[in-house]
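This report concerns only the one structure given below.
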Amino acid sequence: MSLTDILSPSDIAAALRDCQAPDSFSPKKFFQISGMSKKSSSQLKDIFRILDNDQSGFIEEDELKYFLQRFEYGARVLTASETKTFLAAADHDGDGKIGAEGINLFIHR
């Protein structure tokens, strides 16, 4: 399964275009433009599994900086500031990583 099985390639492209400049990434806006905010909990879990590069069940800070590259090879890396802000917003229990439920809650709130 790939992200384009769940999300529209044109929506992914639009979301990536919106945050091309360093420090312009907004998780909430990215989720809206890419169509993730309209997906069911089950679909978001599928997306999470694709984004969880090491398949640990969590997305840690070192994986999170490559978040955009999981949507398109060659996309930019998130800046340190963007990565920390994203992690802080989606890490509901403060353990330094994001689980599938945490990302689901973050997207749908």
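The values are calculated or read from the model by the stated rules, or taken from the named source; none is laboratory data. Small disclaimer: the values here were computed from a predicted structure and weren't measured. Ideal geometry is used to build each Cβ from the backbone, glycine not excepted, and the neighbour counts take in all protein chains shown. Surface accessibility is based on the protein's heavy atoms, side chains included, excluding ligands, DNA and RNA. Shrake-Rupley method; radii C 1.70, N 1.55, O 1.52, S 1.80 Å.
Structural remarks
- Here the sum of -39500 (n - 2.57) over DSSP H runs of 4 or more residues, divided by the residues of the chain, equals -13500 deg cm²/dmol at 222 nm, to the nearest 500.
- Neighbourhood net charge (11 Å Cβ-Cβ; Lys/Arg +1, Asp/Glu -1) for Glu101: 0
- Element breakdown for region 3-108 at a 1.4 angstrom probe: carbon and sulfur atoms account for 50% of the accessible area.
- Å² per residue, accessible surface of region 3-108 at 1.4 Å: 51
- Taking a straight Cα-Cα cut-off under 18 Å and skipping sequence neighbours fewer than 8 places away in the same chain, the lysines within cross-link reach of Lys29 are Lys38, Lys39, Lys65, Lys84.
- By definition, a body whose alpha carbon gyration tensor gives a ≥ b ≥ c is rounded when a/c is under 1.5, and region 3-108 falls into this rounded group.
- Across the chain, the relative contact order, built from alpha-carbon pairs under 8 Å that are at least six residues apart, equals 26 percent.
- For the peptides 31-43, 95-107, the ranking by packing is 95-107, 31-43, with the highest mean count of neighbouring Cβ atoms within 10 Å listed first.
- Neighbour net charge for Glu63 - beta-carbon separation under 10 angstrom, K R +1, D E -1: -2
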